[in-house]
Amino acid sequence: MMKSWRNLTLAFGGVLAVFSQFGALAQAQESFSAGSASADISPDPKMMNWVVPQPYGALSDPMYARTLVLSDGRIKIALVTWDLLDAREYAVARVRGAISKATGIPGNHVIIHASHNHSGPKSEMGPEPIAAQERQGSWPAQQDPLYRVWADRLVQTCVDIVTKADASRRPASLSIGRAFIGEWLFNRRPIKPDNTVASTSEPADPYVLGNGLRFGVVDPTMTVLSLRAADGKPIATFFHIPIHAVSIYRSYKGISADWPGAVVNRLQQSLGGEVLFLQGCAGDMVPARRGFEAVKAMSQVISDRALAADKASVKLESGSLRTSHAILGLPTSEVAGRDLGLPNINAEVQVVSMGSLALVTLPGEPLVEISTAIQQRSPFPYTLVLGYSNGRGIGYVGL
């Protein structure tokens, strides 16, 4: 895991700098509208698994790309989520460019966000040196001819769903609700008596620690955002939680959307409309239990509480849409710098606001403490921090 106070300071400072560009909260706009769409992006099971040097071999459940397009009559914002491990810079640039060309939505108004699903492909790396790809476990999976076909199809699929969502926009209202899901969260970095951390990804009992360890910080909050049309019908529902999508990782070698896919399926059956998962700062957060039975239990609890949160939600003033971003040059480690031939790695941070709500996007795998720190300093009453967005950045970043 990469830790750097300097990198953290730069990344956190970049978010605060972006916040400062917004000024006072924007007034409501009568023309606020939203549209959504989705499509299956499951790879061919014959494609090479990036985890092990063999084909995936089977498909447990499909993977999707989903999108929401928002407009206040002045600007448009497109959020694309996909059931993939990451949203690397090369893939983000390809998708943004293609969406912008097809729809006219500026590339920097497009957010590409991954669920961090380990049971599906990585996004496209681009022409990085082979040594760097080997070090990151992407060789030879991304050289598989089936991968090339899939990666090109992914770009076109994202264009198609954003185009469809944009065409389907209609007047919308926004509501927010919250629920507790702490029993399904485990911080895999419990704290030793000397205040260093221990790596404990799959504890024998996630609710009991031995050896004098203290539990790491968790944020047990699930936030549910609901966008509804004038007739009350759902356009899209978001649920935001910081938990790795690794419930069946390692034990199952096939294709799956893991627990987020199971929750989405349950919520769509109950709510209708599109349901999108927003992954939080989950670098140190893993499911408390693992396996297919755990996915079933986990999806039941989370979907039931999401429905309860939706019923208890309060309506927000949608406000005018605003977005801004910053590109930070974060210094590489000695090894990364040698492999990549770069002294710095660019990391993009972005803020999108709608009235009293702000979405903050960070690249790579930020730890949960970063989310808490940003929320405490945000000028917006409701602030959601997303990891795994618009790039890999430097990977893990934490306090």
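The values are calculated or read from the model by the stated rules, or taken from the named source; none is laboratory data. Values in this document were obtained by computation on a predicted structure and should not be read as measured data. Here the Cβ is made from the backbone with ideal geometry for all residues, glycine too, and neighbour counts use every protein chain on show. Just the protein is used for accessible areas: all its heavy atoms, side chains included, with ligands, DNA and RNA removed. Shrake-Rupley method; radii C 1.70, N 1.55, O 1.52, S 1.80 Å.
Things to note:
- Within a straight-line Cα-Cα reach of under 14 Å, Lys233 can be paired with the following aspartates and glutamates, leaving aside sequence neighbours fewer than 8 residues apart in one chain: Glu274, Asp310.
- Counting all C-alpha pairs of the chain, share separated by more than 38 Å (%): 13 percent
- Here the Kirkwood formula, the inverse mean of 1/r across different C-alpha pairs, assigns the range 147-256 a hydrodynamic radius of 18.2 Å.
- Label-to-label distance, nm, for residues given as Val51 and Lys311 (7 Å Cα→Cβ offset): 3.6 nm
- Farthest toward positive dipole pole in the chain [+1 Lys/Arg, -1 Asp/Glu at C-beta], among Ser270, Val314, Ile235: Val314
- Estimated inter-spin distance, Arg148 and Leu209, nm [label 7 Å along Cα→Cβ]: 4.9 nm
- The helix-based estimate of mean residue ellipticity at 222 nm for the chain, built from -39,500 (n - 2.57) per DSSP H run of four or more residues and divided by its residue count, is -9000 deg cm²/dmol to the nearest 500.
- Counting only lysines at least 8 places from Lys76 when in the same chain, those with an alpha carbon closer than 19 Å to its own are Lys101, Lys164.
- Residues in the chain average 39 Å² of solvent-accessible surface per residue, probe 1.4 Å, ligands and nucleic acids excluded.
- 19 Å Cα-Cα reach of Lys253 towards lysines, excluding residues that sit fewer than 8 places from it in its own chain: Lys46, Lys122, Lys296
- Computed from the Cβ-Cβ distance with R0 of 35 Å, the FRET efficiency linking Arg250 to Asp304 stands at 0.80.
- Per residue Cα convex hull volume in Å³ - calculated over the range 250-399: 159 Å³
- For Ala58 and Ala229, the FRET efficiency from 1/(1 + (r/R0)^6), where r spans their Cβ atoms and R0 equals 45 Å, is about 0.70.
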